[in-house]
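So the structure is just underneath, and the comments pick up after that.
The values are calculated or read from the model by the stated rules, or taken from the named source; none is laboratory data. Note that this is a predicted model, so its numbers are computed, not measured. Cβ coordinates were reconstructed from backbone atoms using ideal geometry, including for glycine residues, and neighbour counts include every protein chain displayed. Just the protein is used for accessible areas: all its heavy atoms, side chains included, with ligands, DNA and RNA removed. Shrake-Rupley method; radii C 1.70, N 1.55, O 1.52, S 1.80 Å.
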Amino acid sequence: TSAPIQDTSAPIQTAPQLQPTHNLLSWKDCSGLSYLSSLESDEMARLTGGCAKLTFCKRGLNYDDHLFGYMMDDGSNDCLSPGPVIRMEPGKTYGLVLCSDGDGDENHPGTNIHTHGLHISGSGNSDDITRWVAKDSCGFYEYKIPADHMGGTNWFHPHMHQRTLEQAAGGAFGLLII
């Protein structure tokens, strides 16, 4: 006779709830934001999607460590890599202030921001890769998302010529969702 078969399987366990690992950039009402004080009222009126501030930062001890990310204007001072998730909706216009935190590092050349997947203007204060934000200063970007823009997952990263690879590969990039 054969021995009875034993059940050696472990009890089924419920998978743990996953916590988000990235922060979501929060769009705020543009009026009264100190970092937009230089905008004219007609420019402010166009920003129907809201405004936000993002700061390019170094995660290493100095620029030459090639470790980068982005800080959000949420009081945390965390240099995130990948950067925050940016959500936008078709038919709205968003204002993004990009700052370049030189943090006293003489080797910091500045930065800029470029998007992949957005069907928007590639000139002016929109997605112009020839613009740059010098260290310890800020630049204003305006993103007008067409009403018929397809949804999808896209991405953003610095595109400062001669520094694109080191800044993006160093961790300064993030998701952009329409």
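Per residue, the accessible area of the chain comes to 57 Å² when a 1.4 Å probe rolls over the protein heavy atoms. The helix-only estimate of mean residue ellipticity at 222 nm for the chain, built from DSSP H runs of length n ≥ 4 each weighted as -39500 (n - 2.57), is -1500 deg cm²/dmol after division by the residue total.
Can you check what the net charge comes to around T111, using other residues whose Cβ is under 11 Å from the Cβ of T111 (Lys, Arg +1; Asp, Glu -1)?
Numbers: positive: K58, R131, K135, R163; negative: D101, E166.
So the environment of T111 carries a net charge of +2.
Under 24 Å between alpha carbons: how many lysine pairs meet that in region 40-178, if sequence neighbours fewer than 8 apart on the same chain are excluded? Write out the running numbers ahead of the final one.
Details: K53/K92; K53/K135; K53/K144; K58/K135; K92/K144.
Lysine pairs satisfying the spacing and distance rule in region 40-178 number 5.
Entry note, region 82-178: relative contact order of 40 percent, from Cα contacts under 8 Å with a spacing of 6+ residues.
Of all aspartates and glutamates in the structure, those lying under 16 Å Cα to Cα from K28, and not within fewer than 8 positions of it along the same chain, are E43, D73, D74, E89, E142.
With a sphere of radius 15 Å drawn around the Cβ of I120, what net charge do the other residues whose Cβ falls strictly inside it have (Lys, Arg +1; Asp, Glu -1)? Display every interim value, and only then the final one.
Details: positive: R46, K92, R131, K144; negative: E89, D127, D128, E142, D148.
Once positives and negatives cancel, what remains is -1.
If you take the alpha carbon radius of gyration of the chain and divide it by 2.2 N^0.38 Å, what ratio comes out, to two decimals?
On the way: Rg = 21.1 Å, N = 178, 2.2 N^0.38 = 15.8 Å.
The value comes to 1.34.
A probe of 1.4 angstrom, applied to the heavy atoms of all protein chains, finds S76 with accessible area near 50 square angstrom.
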